[in-house]
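In what follows, a single structure is set out as structure tokens and then discussed.
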Amino acid sequence: MNLQVTNLSKSFYYSPVFQSFSLKIESGEKIGLSGPNGSGKTTLLKMISGIMSIDSGEIRIGENDVNSDDPDPRKNLYYLGHSVGLYPSLTGHENLAFISGLYGKTSRNISDILIKVKLGSVQDKLVKFYSQGMLQRLKLATAIILDPDILLLDEPLAGLDVDGIKLFESVIVEWNELRKTMIIVSHDSDWLRTNTDRIIELKQC
Amino acid sequence: MLIHFILKDLKIEWRSKEIITSMFIFGLSITLIFALAFQVAPMLIRTFAPGLLWVVILFTSVLGLNRLFSLEREEHAMWSWTSAPVDRGIVYISKVISALFFVLMSEILFIVPFFIFLNLPANFSFFQFSLILFLGTGAIVSVGCLISGITLQAGLRDVLIPILLFPSASPVAIAATKCTESLFDQKPMTEWNFWFLILGSFFVIFGLFGYMVFNRIVEE
Amino acid sequence: MTFFNHQNNLIHAAIAAALSAINIYIVLSLEPPNLAQGIFGNIFYIHVPVAWTAFLLYLCVMISGILFLIKKDKVWDRRGLAFAEVGTIFMFLVLTTGPIWAKPAWGIFWPWEPRLTTSLILFLIFLGYFMLREFGGNPEQVSRYAAVVGILAFLDVPLIFLSVKFWLPEMQSHPQVGQYFDSANPLPTYLLIFSFLSLLVVSSLMIRLRTNILSMKEAN
């Protein structure tokens, strides 16, 4: 499913972050997003995912406008942010069950997926007791269970140990084979060069 | 989908019990202050009791709403549903239902001490009293959830919620007090059903409005 | 100030000044209907049109809010803020001229009369609106929140008015208002309309000036 951003504008405290920004990503492409702090990498992903409003312009997934009042276009994407984005007072399993319910997905294989990401032994522990690495694995498990066509990955390897990084990279390879569209934010330009089709460099306005 | 959100809130509250407990204790504390303050003229307590009851409910609702919406702010948990294919108006409705449940539960807990400490007789219809509590609380939380949603990502939100809620909910305070006063005076319902209509209208108008605009106010 | 460099704006200001001067002269020189009230009796010719203007401006805040949420055009946000600021100034005048008129007319500074009470509640909601504008955070987000609060405030008006009106039925009568009107003498009616129109000219100048300042501030 392709993604089209047209004439996007966004400001914070009257300072523009995006001015008439346009971008087209073909279905199945893997895009790296890099740039200095404050260049708008996370902001762009949040606007595409619907978490953040846009001032003007358009974001389309296929034929559908992401920022309209229609929630349907969001069913084919998942945003893996660098904030937790989960309920600290629910367990890992409960968080996954809740989120998969929002996307109309079955919760039958949650335990299997949590075991796959090496969280099987802590799936009934409250998320507030998870380490940074465990939280990243839980977010990866969410992305696996939702199985969206478009994945927005914001610093996906942050906080992961060597095994965690290998696991994530293997999942990205699987997603690539399934021709999923991915936008990956990372400060590691070498990693982006190796693992993406092209890199878009954002500059501060 | 609605049940999904309500069950999530109930599950979190069942685990921590912090919303109902804090509202109950706060309600009890305000009741104590009223009882002490009115000791200089105890014969006036009965006259003021309907109004005092709704002051307690309003203040405890602010506490409950603040805490209910803070659950969404912690660790940006709300991103799980703002990025999901979910009608955000349904999230607002789920919050109204959850808030209504939690506030009613805390009311059940502090109503008895309220009557005991203020030495109030309870010779009225409990069914009608329950109806008033239900509709009055529903009206408060319908506008309260809207305001809590507005201030969810705002600075000074702890202060902004009561500042915006109390004047907005003044028709509820008046109507609910009038209903309660008439009930305590054992007047027939036909004499005070106008106030019921005010409460019901408030609930419907702000419930609909909240459902329509919630989408725009939860975006960052 | 660049706003007054434009001829149209200067003409607008001159007309506003002239009409205001005529208005004040008429109010001060007209014989009051009741000698016991003295000149304060003529406050009626200021208080009532100021109240009409204030409510009209708050209605414009609501309309601007609706249009901003639909069109997402910042022009409507700036207009909404300007209407809110000028409306609140006028509402403050309502709340000050009200007691000035009430004391000689009714013997008390603050009668809990429905329209005055509705004005007070609306004024308080808009104080909350300005706190939200100031402390709510990111201006782009706050614009949406303020639009919703502006709509909420005016949606509340009929409910507030009805609940206050029937809350204290004894405050409904305005015998002193009747003394201003006489079927044989249309002058008071014409004076009220003239006063209202002159206030519309003044308030529209204030709004245009404020909108101009806000757009220049944003451009910088």
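I need the Debye-formula profile for the stretch A:3-201: one equal scatterer per C-alpha, no solvent, reported as log10 I(q)/I(0) at q = 0.10, 0.11, 0.17, 0.19 1/Å, two decimals. With one equal scatterer per Cα and no solvent, log10 I(q)/I(0) is -0.41, -0.50, -1.20, -1.44. Averaged over the residues of peptide B:158-165, the number of Cβ atoms from other protein chains lying within 10 Å of each residue's Cβ is 4. Phi angles of the stretch A:76-84 translate, via the Karplus equation with coefficients 6.51, -1.76, 1.60 and θ = phi - 60°, into HN-Hα couplings of 9, 9, 9, 9, 9, x, 8, 7, 5 Hz per residue; Gly and Pro are given as x. Taken over chain B, lysine pairs spaced eight or more positions apart, or on distinct chains, with alpha carbons under 20 Å apart number 5. Scanning residues 5 or more positions from residue A:52 or on other chains, those with amide H under 5 Å from its amide H are A:47, B:220, with H placed 1.01 Å from N in the peptide plane. For the peptide C:111-122, the mean number of other protein chain Cβ atoms found within 10 angstrom of a residue's Cβ is 1. The ranking of B:195, B:14, B:79 by Cβ neighbour count inside 10 Å, starting from the fewest, reads B:14, B:79, B:195. Here chain B is treated with +1 on each Lys and Arg Cβ and -1 on each Asp and Glu Cβ, and its dipole about the Cα centre works out to around 120 debye.
Modelled spin-label separation between residue C:190 and residue B:208, with each label point placed 7 Å from Cα along the Cα-to-Cβ direction: 4.4 nm.
Using a simple spin-label model with pseudo-atoms 7 Å out from Cα toward Cβ, residue A:7 and residue A:198 lie 2.2 nm apart. If R0 equals 35 Å, the separation of the Cβ atoms of residue B:70 and residue C:89 corresponds to a calculated FRET efficiency of about 0.45. Once the Cβ-Cβ distance of residue B:186 and residue B:41 is raised to the sixth power relative to R0 = 41 Å, the FRET efficiency obtained is 0.95.
Under the classification rounded if a/c is under 1.5, otherwise prolate if a/b is larger than b/c and oblate if not, where does the protein assembly as shown fall, given a ≥ b ≥ c as square roots of the Cα gyration tensor eigenvalues? Oblate, since a/c reaches 1.5 and b/c is not below a/b. Nearest 5 percent is fine: what portion of the DSSP beta bridges confined to the protein assembly as shown is antiparallel? If we restrict to bridges inside the protein assembly as shown, about 50 percent are antiparallel. Taking the stretch A:101-124 and a reference point 7 angstrom along Cα→Cβ of residue B:4, the backbone N atoms nearer than 11 Å belong to A:101-107. Amide H contacts under 5 Å for residue A:33: A:184, A:185, A:186, A:200, restricted to partners 5 or more places along the chain or on a different chain, H placed in the peptide plane at 1.01 Å from N. Evaluating 6.51 cos²θ - 1.76 cosθ + 1.60 at θ = phi - 60° for every residue in the stretch B:80-95, the Karplus couplings come out as 4, 10, 6, 9, 8, x, 10, 5, 5, x, 5, 5, 4, 4, 5, 5 Hz, glycine and proline recorded as x.
In the stretch A:3-201, the DSSP beta bridges split such that about 45 percent are antiparallel, to the nearest 5.
Going from the fewest other Cβ atoms within 10 Å to the most, the residues A:205, B:145 appear in the order A:205, B:145. Ordering C:109, C:55, C:44 by the number of other Cβ atoms within 10 Å of each residue's own Cβ, fewest first, gives C:109, C:55, C:44. The phi torsions of the stretch A:103-108, fed into the Karplus equation with coefficients 6.51, -1.76 and 1.60 and a -60° offset, translate into couplings of 9, x, 9, 6, 9, 5 Hz, rounded to whole numbers, with Gly and Pro shown as x. Working from label points 7 Å from Cα in the Cα-to-Cβ sense, the residue B:112 to residue A:188 distance is 6.0 nm. With r defined as the distance between the Cβ atoms of residue A:126 and residue C:219 and R0 fixed at 45 Å, what FRET efficiency is calculated, to the nearest 0.05? Approximately 0.35, to the nearest 0.05.
Each reported figure results from applying straightforward, stated rules to the coordinates on display, with no laboratory input. Keep in mind that this is a model prediction, so the values were computed, not measured. Quick reminder, even Gly has a Cβ in these numbers, built from the backbone with ideal geometry, and neighbours come from all protein chains shown.
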